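> Please see the structure below; I have some questions.
A short reminder: the numbers here are calculations on the coordinates, not readings from a lab. Remember, it's a predicted structure, so these values are computed and weren't measured experimentally. Here the Cβ positions follow ideal geometry from the backbone for every residue, glycine too, while neighbour counts run over all protein chains shown.
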Amino acid sequence: MSIQGITKSRLFWPLVALFLLVMVNFWFNPDFFSIRIVKGGLYGSVIDIINRAAPVMLIAMGMTLVIATRGIDISVGATVAISGAIAAALIGGSLEIKDGVQTYVSQTPMALAILAALGVGLLCGLWNGFLVAGIGMQPIIATLILMVAGRGIAQLITGGQIVTIYYEPFFFFGNGFFLGIPFAIYLVVAVAAVLLLLVHKTALGLFIQAVGLNPTAARFSGISARALIFWVYGFCGVTAAVAGVIIASNVKSADGNNAGLMMELDAILAVALGGTSLDGGRFSLMGTLIGALILQTLSYAIYSLGVPPEINLVVKAIVVFIVCLIQSEALRSMLFQRRPSI
């Protein structure tokens, strides 16, 4: 394969950016790739980066489908807060003494609490889908409504306080290990596998691209564009809810004011870094996952290098800008002397 063919791939430049960031981390931290086993779990910088990127990966996968339909969802952070608040409020945990041993029990069966949190996330997404596909509201305005109101809803659920969770089995989702690997990673792999199977082995991927490129033409081709957009937003709400459960489990509490704060921007950045066009149409789920890893690896590098907190966001913005600039079709045409595709 020629150099032009390799660089034309949407995954090439995201992988190059991720590789360079990994090498920077390795240069300043020779133990970056070292992995150790502690109490049956794998620990190390690489494992930590993937584990901490899991919530953004989940949200970004849902965001990818939304953006592919020429939409946007800036309410996913609020959905994270609402779902985490629902799970915390239902589970909570009260202290009981059984046979002389103190133990915490869930106020509501954990499975029911998690299903309720996911169900609320689905409702949030379907609400956005109804406003966009049903009423015809602009996506950024439709999701802005829930972005603002969602924070208030989450704080109403928590009573404006940080709700602490004491039920230990719930902690497994955000802190547990299965076969030595953090359980949150399994959730990401499961969602990604199902989604990749649907978009590559069924007509769903083509339908999403068709709606994103030309909704009118897609409708005349027999595709129910409104129904597709409606359920795509619903799926995005579910992925945000799963991320909310993981975050609440990880920090063992729910904070309606700060949970998921600014995560919508990280998700959009991950999608953009992965090569998906914000104009809709063609998309790359694998690129989105790589984009989320780029963001988390960059954050790890910033903190490990001791960059002052007051400028770390500026450094992050500069690096993201450079990566996006490198992915520019016009720049690549200039560098490799080929005409940009139209």
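> Using Cα centres only, tell me the gap between the range 133-176 and the range 184-222 in whole Å.
26 Å
> Report Rg (one decimal) and Dmax (nearest whole number) for the range 98-214, counting Cα atoms only, units Å.
In order Rg, Dmax, the Cα atoms of the range 98-214 give 19.5, 67 Å.
> Can I ask one more? Along the charge dipole of the chain, which of L197, G174, F235 sits closest to the positive end, that is, farthest toward it, with unit charges on the beta carbon of Lys, Arg, Asp and Glu (+1, +1, -1, -1)?
Working it through, the farthest residue towards the positive pole turns out to be L197.
> A follow-up question, please. Relative contact order for the range 15-97: what percent, with Cα pairs under 8 Å and sequence separation of 6 or more?
Values: 26 pairs, mean separation 9.6, N = 83.
The normalised contact order for the range 15-97 reaches 12 percent.
> For the range 117-163, list log₁₀ I(q)/I(0) at each q in 0.14, 0.29 Å⁻¹, using the Debye formula over Cα point scatterers of equal strength and ignoring solvent, two decimals each.
Debye intensities relative to I(0), on a log10 scale: -0.39, -1.03.
> Could I ask something else about it? For the range 165-308, what is Rg from Cα atoms divided by 2.2 N^0.38 Å, rounded to two decimals? Before the final figure, lay out each step's value.
Working: Rg = 17.9 Å, N = 144, 2.2 N^0.38 = 14.5 Å.
With N residues counted in the range 165-308, Rg over 2.2 N^0.38 Å equals 1.23.
> Suppose every K and R has +1 on its Cβ and every D and E has -1 on its Cβ; what is the size of the dipole of the chain about the Cα centre, in Debye to the nearest 20?
Numbers: 17 positive and 12 negative charges, 203 e Å.
So the magnitude is around 980 debye.
> Further, regarding this structure: Let me check against my output: what whole-number percent is the relative contact order of the chain, with C-alpha pairs under 8 Å and at least 6 apart? It would help to have the intermediate numbers written out before the result.
Details: 596 pairs, mean separation 107.4, N = 342.
It rounds to 31 percent for the chain.
> Taking Cα Rg over 2.2 N^0.38 Å as the quantity of interest, determine which of [x] 1.39; [y] 1.04; [z] 1.20 was computed from the displayed structure.
Step by step, Cα Rg over 2.2 N^0.38 Å for this structure corresponds to label [y].
> Can you name the helices of the chain, as whole DSSP H runs, whose Cα span along the helix axis is 18 Å or more and whose Kyte-Doolittle mean is not below -1.0?
On the way: long enough: 12-28 (25 Å, 2.11); 45-68 (32 Å, 1.69); 76-91 (22 Å, 2.14); 110-129 (28 Å, 1.85); 139-158 (28 Å, 1.68); 183-201 (27 Å, 2.43); 225-251 (39 Å, 1.64); 285-304 (28 Å, 1.40); 312-326 (21 Å, 2.79).
Membrane-span-like by this rule: 12-28, 45-68, 76-91, 110-129, 139-158, 183-201, 225-251, 285-304, 312-326.
> So for the pair M23, M286, with labels modelled 7 Å out along Cα→Cβ, what separation do we get in nm?
Taking the simple label geometry, M23 and M286 are separated by 2.2 nm.
> Can you give the FRET efficiency for V105 and V38, using 1/(1 + (r/R0)^6), R0 = 30 Å, r = Cβ-Cβ distance, to the nearest 0.05?
Details: r = 28 Å, r/R0 = 0.95.
The formula returns an efficiency of 0.60 here.
> Moving on to the next point. Can you pull the one-decimal nm distance between simple spin-label points at C324 and L196, each 7 Å off the Cα toward Cβ?
Modelled inter-label distance: 2.7 nm.
> How large is the Rg to Rh ratio of the range 1-92 when both quantities use alpha carbon positions and Rh follows Kirkwood? The partial results should precede the final answer.
Working: Rg = 18.7 Å, Rh = 17.0 Å.
Rg divided by Rh gives 1.10.
> Another one. Identify, among N257, G222, V271, the residue whose Cα sits farthest towards the positive end of the charge dipole of the range 218-285, taking +1 on the Cβ of Lys and Arg and -1 on the Cβ of Asp and Glu, with the dipole about the Cα centre.
After comparing all options, I get G222.
> Can you compute log10 of I(q)/I(0) for the range 22-157 with the Debye formula, treating each Cα as one identical point scatterer, at q = 0.10, 0.14, 0.16 Å⁻¹?
-0.55, -0.86, -0.95
> Lysine pairs in the chain with Cα distance under 26 Å, only those 8 or more apart or on different chains: how many are there? Kindly include the intermediate steps, with their values, before the conclusion.
Numbers: K8/K201; K8/K316; K39/K252; K98/K252.
Lysine pairs meeting the criterion: 4.
> Also: With only alpha-carbon atoms in the gyration tensor, what are the semi-axes of the equivalent ellipsoid for the range 261-331, in Å, largest first?
Working: eigenvalues 107, 35, 22 Å².
Over the Cα atoms of the range 261-331, the semi-axes work out to 23, 13, 10 Å.
> Same structure, new question: With no solvent and one equal point scatterer per Cα, compute the Debye intensity ratio I(q)/I(0) for the range 157-247 at 0.11, 0.12, 0.15 Å⁻¹ and report its log10, rounded to two decimals.
With no solvent term, the Cα-only Debye profile gives -0.51, -0.58, -0.76.
> So for the chain, taking the charge dipole from beta-carbon charges (+1 Lys/Arg, -1 Asp/Glu), which of V120, I74, L18 sits furthest toward the positive end?
L18
> Which value does Rg/Rh take for the range 144-187 over its C-alpha atoms, Rh per Kirkwood? Please list the in-between numbers first.
Values: Rg = 15.2 Å, Rh = 12.9 Å.
In the range 144-187, Rg relative to Rh is 1.18.
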